[in-house]
Every structure is written in structure tokens, then in C-alpha cells.
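Asker: Sharing a structure here in C-alpha cells format.
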Amino acid sequence: MSSRQLIVQLIITQLVFCCLPVFANNDSLKSQRKLFLQAEQAIKDKNWSLFNRNYQQLADYPLQIYLERDKLQSNFSIENTEAIASFLNQHSNDAVARKLRYMWLNWLANNGYTSTFLHHYREFGSTPLKCKQLQFKLNTSEPRQDIYPQIEKIWLNGNSLPKACDTLIKRWQKSGGLTAQLIWKRLLLTVKNKRYQLADYLNRQLPANQQGAGKLLVKVAKQPKHLSKITFRVPLTAKAEDIIQIGLNKLAWRDPNHTIKTWKKLSQKYGFNLPLPKTRRAIALSLAIDKDPKAHAWLNSVTDHKDSTVSQWLLATALDNNDWHSISKYAQSFATHGDDFNKWKYWQGVAETQLGNLDKAKSLFSSIADRRSYYGFLAARQLNQQPQLQDSPVTVDPDALQQISRLPSAKRAKEFFELNRLTDARREWNQLVSQTPIDAQIKLAVIAHNWGWQHQAILAFARSRQINDVSKRFPLHLYQTYAAESKRNKIPVSWAYAITRQESAFKTDAISSAGARGLMQLKPSTAKQVAGKSKSYRRASQLLTADTNIQLGTAHLGQMYRSFEAHPVLATAAYNAGKSRVKEWLNQSKTQNAIQWIEQIPYKETREYVKNVLTYQTIYAHLEKEQATFISQIDSYPILSLNEIKSGAASR
């Protein structure tokens, strides 16, 4: 054997032996996971011999304590109090104890063990449990003046209360705690929340001589135009002023011009100066959204120009009128800090360009062109410069990462992540986050990234305030799937990634309040429409599977792209707000400039959504080394008219 062959053989031997512990550890964990899942099932089946056998083999497994907890949960009894209390005390600061304590408290409450309940009670953010705690405290020697304010706080809610609170509220009410003044306060909260059935119920609790005012409040809240037809007694009572204010506020968003007329009529009739600042603001913003010529004057009449929404619509209104002098003036007043600073510096640069002050414009663009942001990228484009990503990968001591990874909560989070039990994994991870100082959060970011848990990595980078490791904050996660499905739907893969980054930040099991699911946040109805007759999609739960979500999400994005004649700005807005709303906005718009159109999108959520997606697409395009970005080619995407969209659809 030659010396070269001998060296190669030695290297191979060393590699094999150095890796054996890793492979052995992985095999051991796989075996332990299997035993753990069997033990969980054994608890459900009450197969205690199998449970005990598996439990004993898992002494060094991170999730063994969950088996201990689940066994305790399966056998609640007052005789088990000592064992349960011991577990809760031993793990009082661990995520594993929270569910046990919650279930134990409910069992104790339902079975009448009030003193044991009070002894073990901790704040959960659970209204039913809080009501039980206060109810049981009323039977103790604790002073009522310490308990009643807590009940009042629970009761003053714009939504219905849980049934578990009924007994508590009745006792409080009988003791005289519930006054007409409190009922009226809650009535105001319920009509603001549009909980009119609850409002009717509350109104019936008012004294008979006040129920007329309550009925009037509900009527005006439902149909604010009735306000102009109502005659109030003079002088106005506090309740009458509440009714007028609620009516004007609600009417302002529906019909600002009718609100102005009603305000003037009421002001002349009753001798007061309405609307109050909140109503004035609502009228001004509503006029601006409707592109009413009076909007500019009303916006300027709002005294709080530090209000970012008001300043945004001052900009949008000025853009609609090509009022570059006003934009330059606003920029000097509003460019204070943060993203608002970048926005106003950019638009001041555009205004100075339009006014012929090119040197000043160049200086303004240069001041933000190095920012990794929407306006920074737009400014770089104005200067014919490449966008600056400011990529600076973080360096973390491997020993420090190992030290954190060995913590029990980190081990448990990792195991749940590997088992795809993401809710449990998040509970353990959040426990770890809460115990980690801000300056060490960067270590958690790197650990999560190394695990492949991209959502938690993104959140940890944001918490750490170290945001320049671009490739980790904008991961090319599940690349083969994204690339293949983007190619199939003829869209840039950077766009699909940008949508995902904005929609879910790679949270695979994300479910929004509107029911949108998964990485690209599809509603089941949208997924069904996109899938058509395909048998690959049958149920909403499939949207929490990455491959299915990416397949249908990119297909939906491709549909939006084609619906709006390959216009990425309009398609992005439609992905968020829907096609019909975007068409409605196009019908109201008179600009062809895409950047100006974005600033005039009526919904703040969609406006910021489009800006973020264009920013993220620029970043992903550079990571992917794509030749062009939507921002760099924005002049190629003039805003289309509805007729152009219709004619394009007809030609297809």
C-alpha cells in the first residue's frame, strides 16, 4: 500500500469513528421516539404494563416528563393531590406544568374542592378560571372591596362572557355591584363591537326610564343615518351626547358628506361644536379614501399630524393632485424617524425632481439608497444603483450554541419539532425565549435556523435586533418544491418566496383569524377553487402540509398574475385583498404610476403588504441571482384600467 493510500485509509477510518456517536445518537433518539409514542397510546388505552415498560426505558429521553404528566392527567382524584402538587412544584417554571395545572384546576372547580383550587390557582389569562377563582374567594374572609373591582373589570367587556362566569356575576349583581352607569358603559362597548344582540340584553337590565336611550343607541349604531331624524331634549344629557358621538363616528366611515351635514345641523340645533377629534379624523380619512376634493382641507384640519395614518393620506391626496410643493413641505415636517423617515425622504426626492431641483433630489435619494427597505430600494433605482442588501452573516461561538442546545427546554422543543408537534414545540421554545436575555437571542436564531425551524429563526433574529444576516432571515426553505411549482405556474420563485415570507414567515401550521392556512395562507374555499377537479386536494387540513400548500399557493398566485395581465403589483394586492377589491380601486384611480398607486391603496394592511412583498422579492431575487426585480422594472408596469384588463381577458 502506498503512503498516499495509507493516508486516505486513515482519514476514512477517522471519519467513520468520529461520526459513530452521531449516528448512534440519532438511532437512539429514533428508537426513543417510537417508545414515547407507544407509551402515550398506552395511557389512552390504560395499558399500564406497556406504559411502565416503555417509561423505564426513557430515563434520559427529553420528553419523559410529558409521560409522567399525562399519566397524572389520566387519573385525577383528591387522593392524587400530593403527587400532582409535587409535579407542579418541581416543574413550576416549565411549559409541561401549564396544561396539567389548567386541567387540574378545572377538575377541582367542577368537583367542589374550592380550598385546594385556591391553593393551586395561578393566573392563566383564562376568564372562566378567573371567574371560578373570584367566585370561590367570595366564600372566604377576603375583603369584598378587593374582589368586586376585579369582577367589574371582567364584566366591562364588549363581548359575551363565558357561562362559567354566570354565578359570579349574579352574586355581584345581587350585592349591588352592577349599576346603571356600568351597564351604559358596557352598552357603548358592545355597539362599538357590533354585538347588537348582547346590547339588547344589556338594555333590558337598565332602569325602565333609561331603556329608551339604550334602544336609541342601538338603533343609531346599526343605522347611523337615523341620527339626523332624531330630536333630543335640551340641554343634552350625557347619554344623548354618547349617542350622537357613536352615530357620527360610524356614519363618517359610511358617508362622510352626510356626516358633515348632520354635524352642522346638530351643532346649530343644540349649540355644541361637534365632531370631536376622533370624528373629525374619521371624516377626513373617509373623504380621502373616496378621493373627495374636500379631503385635503379636512386632513389639514386634523391637529395631530403625528398620526401616521393622517400623514399617509395627506401624501396620497397630494399625489392624486400632483401637488409636489405640498409633498415637499409635508416631508420636511414628517420625516422624523424609522420607516416614515425613509418614506418622506424618498417622496421629497421625487417632489424635488418634479420641481426641477435635481441636485437636491439626488442628495435626498442618496441619503437612503443604502437602506435595505422598500424606499431604500426605490431610491437606489432612482440613482441607477443596485439595491444594497447589507448582508453580514452572524458569527456565534459553537460552544455557546451547544450550551443552550443542552438545556432541557431546548431539548424538549427539538424533540417536539422532530415529531412535528409544533404547538408543543412552540410552548417549550417560548419558555426558552422567556429565559434568554435579549443579547443572547441571536444564539436562539442560529439554533432554530440550524434545526430547519425557519419561522422561529426569523422571530429570534427580529428580537435580537441583529437583522443583517440576510440569508438566514430570508431562507431558501424547501427550495426544490418552490422552484418546481413556480416554474410550473410561470412566476419568479423569488415572488413565491416573498409572498410566503410576508404571509406566514414560514410557519407551516399558521391559521389566521379569517381561516387562511399554511405557508402561503390559503383559505379552504380558495384552495378548492384553485384545485378544480384535481383529486390531490380534498380537505382543509392538507393546507398545513408544505408541498400541498406551495402547490396550490403558487397556482393561485399564477392565476392572479394572469388575471391582471402579468402585472405583479396588482396581482400581489389581489392575493391579499381579492380581485374584486383591486378592480374597485382601479375604477377609482386616475394614476398610471405603480408606486403612486400603491400609496393610494385604501387598506393599510394591503398597502403595507404590497410594499413588503416587493421588498422581499428584491431580496430573494438577489439571493437567487435573478437578473431583474419588480422594483427595478416598476416603470414597465403602468397601472391598468379595467377596460385594459377586460380586453386582455377577452383576448385570452
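Nothing in this text is a laboratory measurement; each read-out follows from the coordinates by a stated rule. Predicted model only: the values in this text are computed from it and were never measured. Cβ placement follows ideal geometry from the backbone for every residue including glycine, while neighbour counts extend to all protein chains displayed.
Asker: For segment 354-426, state which trypsin sites (Lys or Arg not before Pro) are in a DSSP loop and have at most 10 other beta carbons lying within 10 Å of their beta carbon.
Answerer: Answer by residue number: 406.
Asker: A follow-up question, please. So for segment 398-467, what are the equivalent ellipsoid semi-axes in whole Å, largest first, each being the square root of 5 times an eigenvalue of the Cα gyration tensor?
Answerer: 17, 13, 11
Asker: Another question about this same structure. Rounded to two decimals, what is the ratio between the C-alpha radius of gyration of segment 443-507 and 2.2 N^0.38 Å?
Answerer: Rg over 2.2 N^0.38 Å, computed on Cα atoms: 1.15.
Asker: Using amide H atoms built 1.01 Å from N in the peptide plane, name the residues 5+ places from residue 522, or on other chains, whose amide H lies under 5 Å from its own.
Answerer: Answer set, sorted by chain and number: 517.
Asker: Taking only DSSP H segments of four or more residues, each worth -39500 (n - 2.57), what value at 222 nm results for the chain once the sum is divided by all its residues, to the nearest 500 deg cm²/dmol?
Answerer: -20500 deg cm²/dmol
Asker: Hey, fewest Cβ within 10 Å first, where do 68, 415, 605 land in order?
Answerer: 605, 68, 415
Asker: Report the local net charge at residue 538: Lys and Arg +1, Asp and Glu -1, summed over other residues whose C-beta lies under 15 Å from its C-beta.
Answerer: Here the charged neighbours net out to +4.
Asker: Ratio of Rg to Rh for segment 479-651, alpha carbon only, Kirkwood?
Answerer: Using Cα coordinates only, the ratio equals 0.95.
Asker: In segment 462-533, which trypsin sites (Lys or Arg not before Pro) are in a loop and have at most 10 other Cβ atoms within 10 Å, using DSSP for the loop call?
Answerer: Details: sites: 463, 465, 472, 473, 487, 488, 490, 501, 507, 517, 528, 533; in loops: 465, 490, 507, 533.
Those that pass, being in a loop and sparsely packed, are 465, 533.
Asker: From the gyration tensor of the Cα coordinates in segment 305-388, what semi-axes in whole Å does the equivalent ellipsoid have, largest first, with each one equal to sqrt(5λ)?
Answerer: Details: eigenvalues 78, 47, 20 Å².
Whole-Å semi-axes of the equivalent ellipsoid: 20, 15, 10.
Asker: Give the average over all directions of the projected area of the C-alpha convex hull of segment 25-147, one decimal, in nm².
Answerer: Quarter of the Cα hull surface area: 9.1 nm².
Asker: State, in angstrom, two size descriptors of segment 123-249 derived from its alpha carbons: Rg to one decimal place and Dmax to the nearest whole number.
Answerer: 16.6, 54
Asker: Also, quick follow-up: Which whole-number percentage describes the relative contact order of segment 305-388, with Cα contacts under 8 Å and a sequence gap of 6 or more?
Answerer: Details: 100 pairs, mean separation 15.6, N = 84.
Computed over segment 305-388, the figure is 19 percent.
Asker: Further, regarding this structure: Over all distinct alpha-carbon pairs, what is the Kirkwood Rh of the chain in angstrom?
Answerer: After inverting the pairwise mean of 1/r, the radius is 30.0 Å.
Asker: Oh, and also: Compute the whole-percent fraction of alpha carbon pairs in segment 545-644 spaced more than 18 Å apart.
Answerer: More than 18 Å apart: 48 percent of the Cα pairs in segment 545-644.
Asker: I'd like to know which of 157, 129, 206 lies farthest towards the positive end of the charge dipole of the chain, counting +1 on Cβ of Lys and Arg and -1 on Cβ of Asp and Glu.
Answerer: Toward the positive end, the furthest listed residue is 206.
Asker: Under 1.5 on a/c is rounded, so check that first for segment 189-232, then, if it is not, pick prolate when a/b is larger than b/c and oblate when it is not; a ≥ b ≥ c are the square roots of the alpha carbon gyration tensor eigenvalues.
Answerer: oblate
Asker: Can you give the relative contact order of segment 499-620 as a percent, counting alpha carbon pairs under 8 Å and 6+ residues apart? Before the final figure, lay out each step's value.
Answerer: On the way: 129 pairs, mean separation 21.9, N = 122.
It comes to 18 percent, rounded to a whole number.
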